[in-house]
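First comes the structure, then the notes that go with it.
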Amino acid sequence: MNKKINYKTIRSTFLYMSFILVVTLTISSCATDDNQTVTEFTELVWQDEFDIQGAPNPDNWGYNIGTGENGWGNSELQYYTDRSENVVIQNGILIISAIKEDYNGSSYTSARLLTKDKLEQKYGRFEARMRLPSGKGIWPAFWMLGANIDQVGWPNCGEIDIMENAGSEPTKVSGAVHGPGYSGGAAIFKKYDLQNDRFDSGFHIFGIEWGPEYINYYVDDVLYNQITPADVTGEWVFDNGPFYIIMNLAVGGVFDGSPNEDTVFPQTLLVDYVRVYKNNN
Amino acid sequence: MKYKKFIYLKTALFIALITINTSCERDLSEDAVFATNSNTGEIFTDSPIGLGTDFYFPFLGSKLTAWTVDDNEGYESQSSMRFDVPNANDPEGNYAGAIFRVDGNGRDLTGYDALTFWAKASQGVVIGEIGFGQDFFDNKYQANVANVSFSTNWVKYIIPIPDPSKLIDERGLFWYSAGTQNTGGLGYVFWIDDLKFEKLGTLGSPRPSVFNGEESSYQTFIGTDGILDSSSTVTFNLVNGLNQTVIAAPSYFNWMSSETSSVYIDETGFYNAIATGEAVITATLAGVEAQGSLTTTVLGEFDFAPYPTQDAGNVISIFSDAYSNVPVDFYNGYWEPFQTTLSADFAINGDNILNYTNFNFVGNQFANPTIDASDMSYLHVDMFIPEFPSFFDFLITVVDFGADGVDGGGDDTRQQMFVTASDVEAGVWNSFELPLTLTNRSNIGLIIYENINFATLRNFYLDNIYFYKE
């Protein structure tokens, strides 16, 4: 499963015929020469392939319900539910739907799933294959929080954002860390811009590899960032203990602002799988 | 971090290059390949690309010389296309507009997803329409964006192709129409550069809409046929997160009728009302269901206007299937800004009918050339009012453009013909024989129909509009 990518180079044959050169190219693979070691951890320790129709496996996933405090701290507009309208597995895909509807005082509903007290792990490789929604004010995220959040609070627990997307930027995602001294607007992050494609038109793999004093961020076969203690403007809190996974589809909030009249509802975040590997270094 | 190594093969005597792609995609069978059509995407880079010799066709009434190649301006280059939009009072044409049509075989544009270009203008200005697919033949795959805002610095514009798979043989590569409605009648310049079809890959999935995205309804008669006024559009989300709506010809869509025994519609949007009944017309674009529908009720047999009996030699016909009509500029001039009247003209068994809807006033213009009705004694008009309005007061005005032959100019004369409620009946054809009393009628160019005194007529049909002598 090591995603080391080795594409074959181009073979060519030259035929020279009295001042006329005919070149025949045989291209034996889809891409040009390309070498990057994206991931190293190969021992799969936890996965959800979302193969069973209906509600997600309760052994793997819990839910945040409601509006949290101040829209989950971000002025988000949706009410999170665990109803099948908002979260369901169909045909091997987990579908998280943001719906425009009046519900318990909110104008939108959606869902937020988490592995707290179910899958908590220190270090490793965490990846999901997803097709993102789009539209102004749509904010899908695949991220992690330190499992000691109830003891030390946020941001001291640490937050690793594997993938966040602003729906008004359909070709961009970002990966970030939040910790003491570098949280909220001061988070350490980097954006990745997909070339000649967009994240709402097909599935893409979003992942991190996390080890002692580093977190590597990748999208598909591209390793696009590494964050280490040298990059953060405060205490490095990512060698302290286990983290759990969160997947959610927010509407509105500080990341991309509110939806506008062009935003189409419902919007869906599709998840093909979530896989967790052990740090086997 | 991701690096790519390309191998370039360079040679001075590089005559032919044959590429055999052995993976990734299966090729179509040879039968399916339109081998003769170029798949070149470029239209203008530093000069026109592969358009041939005779490719610029201005719109009627536009200034013919509006387009030139400017060798002093360009987007990251020294040349661009320059469009000089004339002043509204320019005698050579009061707007700029034209199609760029390949002089030769059409292009295969199926590999692209958008027409793109860079543009700027001499002042901030809104350009009326820019698009492609207009060829002055069927304009089958016409598509455009409307009210495009140009600024004084170069900006890239994207016009998504509603469904690229349709464009296997397209000659209409570009068209534009620009006037001075937003500049107080004063001309300006805009430049377009790097005009080409591109495969962006960053367009969101198409969101098609027909009949303004609404559940609308329409009544018609057995035997009507034609292309429905479908107001069909496709909206795409662009890479910047903003939506771009493209006005798309019906042929981009696949059309369906819920009751084909009542209303048949072919895939291009051409419908035929066959039998009394009701059918819901819907459409898909590239497999995506379009928002909106049209419930069409076929009321029954149409009551035709009385067939004209005047001898053809005594008639100057403006609109009739019984006679040869003179050249007519339009049956609806869509006069801005006060006219609300729309056209829903139809044909039944080859008999064409003018249908004005949302009526307040409308004109039939035939000024190129004007007609000489000096020998004529009457204007004949047949009018059918499906539903009698709460208040009917109708005026027909015949305008003679005078010696100068143009509308306005100080020498126009007009005759007003009043039609009151007692002159008409709803649900039947009313034939008017209106005596011509206009002294000068050798340069008649216009007939205007209007509601007066706040009359509320909104919907009616006209047929057999002609001048005649006895």
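The values are calculated or read from the model by the stated rules, or taken from the named source; none is laboratory data. Everything quoted here is computed from the prediction, not taken from an experiment. Every residue, glycine as well, gets a Cβ built from its backbone with ideal geometry; the counts of neighbours run over all protein chains shown. Heads up: the accessible areas ignore ligands, DNA and RNA and are worked out on the full protein's heavy atoms, side chains in. Shrake-Rupley method; radii C 1.70, N 1.55, O 1.52, S 1.80 Å.
Just a few scattered comments:
- Rh by Kirkwood over Cα pairs, then Stokes-Einstein D for the stretch B:54-172 at 1.002 mPa s and 20 °C, µm²/s: 138 µm²/s
- With θ taken as phi - 60° and the Karplus curve 6.51 cos²θ - 1.76 cosθ + 1.60 applied, the whole-hertz 3J(HN,Hα) list for the stretch A:232-247 is 9, 9, x, 5, 7, 10, 9, 10, 8, x, x, 10, 10, 9, 10, 10 Hz, x standing for glycine and proline.
- Extending 7 Å from Cα along the Cβ direction at residue A:280 and again at residue A:203 yields two label points whose distance is 2.2 nm.
- Spacing of the two label points (7 Å from each Cα toward its C-beta) at residue B:425 and residue B:368, in nm: 4.2 nm
- Percent RCO, i.e. relative contact order, over chain A, from Cα pairs under 8 Å lying at least 6 residues apart: 26 percent
- Placing a label point 7 Å from the Cα of residue B:181 along the Cα-to-Cβ direction, the residues of the stretch B:316-355 whose backbone N falls under 11 Å from that point are B:334-339.
- Carbon + sulfur, % of accessible area of chain A - ligands and nucleic acids excluded, 1.4 Å: 47 percent
- Residues along the stretch A:190-212 losing 30 Å² or more of accessible surface when the other protein chains are present rather than the chain by itself (probe 1.4 Å): A:196, A:198
- Here the relative contact order of chain B, from alpha carbon pairs under 8 Å that lie six or more residues apart, stands at 12 percent.
- Beyond 23 Å in Cα-Cα separation lie the following of the pairs A:172/B:196; B:156/B:196; B:166/B:196; A:100/A:190: A:172/B:196; A:100/A:190.
- Annotation for the stretch B:88-111 versus the stretch A:167-213: alpha-carbon center distance of 45 Å.
- Phi angles of the stretch A:186-203 translate, via the Karplus equation with coefficients 6.51, -1.76, 1.60 and θ = phi - 60°, into HN-Hα couplings of 9, 4, 8, 8, 9, 8, 10, 10, 6, 8, 6, 6, 9, 6, 9, 9, x, 7 Hz per residue; Gly and Pro are given as x.
- For the stretch A:110-209, the set of chymotrypsin sites (Phe, Trp or Tyr not before Pro) satisfying both a DSSP loop assignment and a count of at most 15 other C-beta atoms within 10 Å is empty.
- Sites residue A:40 and residue A:235 - FRET efficiency at Förster radius 30 Å, r taken between beta-carbons, to 0.05: 0.70
- For chain A, the alpha carbon convex hull comes to 162 Å³ per residue, rounded to a whole number.
- Using C-alpha pairs under 8 Å with a sequence gap of at least 6, the mean separation divided by the residue count of the stretch B:312-468 gives a relative contact order of 36 percent.
- On the beta carbon distance between residue B:205 and residue B:123, with R0 = 35 Å, the FRET formula returns roughly 0.45.
- Here the stretch B:312-468 has 50 percent of its accessible surface on carbon and sulfur atoms, given a 1.4 Å probe and all protein chains in place.
- Ligands, DNA and RNA left out, the 1.4 Å accessible surface of the stretch B:207-301 is 49% carbon and sulfur atoms.
- FRET E, pair residue B:433, residue B:70, Förster distance 41 Å, beta-carbon r, rounded to 0.05: 0.10
- Pairwise inverse Cα distances across the stretch B:312-468, averaged and inverted, put the Kirkwood hydrodynamic radius at 15.8 Å.
- Tail weight of P(r) past 19 Å, computed on alpha-carbon pairs of the stretch A:139-261, percent: 47 percent
- With a cut-off of 13 Å between beta carbons, the residues surrounding residue B:96 carry a summed charge of -2, where Lys and Arg count +1 and Asp and Glu -1.
- When the protein assembly as shown is reduced to its Cα atoms, the Kirkwood hydrodynamic radius in Å: 31.0 Å
- Accessible area that becomes buried as A packs against B, both chains, 1.4 Å probe, Å², nearest 100: 2800 Å²
- The stretch B:350-372-the stretch A:215-278 distance, computed between alpha-carbon centres (Å): 62 Å
- Per residue value of the accessible surface for the protein assembly as shown (all protein chains in place, 1.4 Å probe), Å²: 45 Å²
- Projected area, mean over directions - the stretch A:89-199, Cα convex hull, nm²: 9.3 nm²
- Around residue A:244: net Lys/Arg minus Asp/Glu count, Cβ-Cβ under 12 Å: -1
- Relative to its residue count, the stretch B:207-301 spans a Cα convex hull of 75 Å³ per residue.
- Summary of the geometry: the stretch A:112-127 and the stretch B:114-169, compared by the centres of their Cα atoms, lie 49 Å apart.
- Per residue, the convex hull spanned by the alpha carbons of chain B comes to 205 Å³.
- Computed over neighbours whose Cβ is under 13 Å from that of residue B:330, the net charge equals -3, Lys and Arg +1, Asp and Glu -1.
- Calculated from backbone phi, Karplus (6.51, -1.76, 1.60) coupling profile of the stretch B:266-275 in Hz, x at Gly/Pro: 8, 5, 8, x, 7, 10, 9, 7, 9, 8
- Compared with the alpha-carbon gap, the fully stretched path from residue B:324 to residue B:289 is longer by 8.3 nm at 0.36 nm per residue.
- If you wrap the Cα atoms of the stretch B:164-235 in a convex hull and average its projected area over all directions, you get 9.6 nm².
- Between residue B:312 and residue B:53, the simple spin-label model (points 7 angstrom out along Cα→Cβ) gives 3.9 nm.
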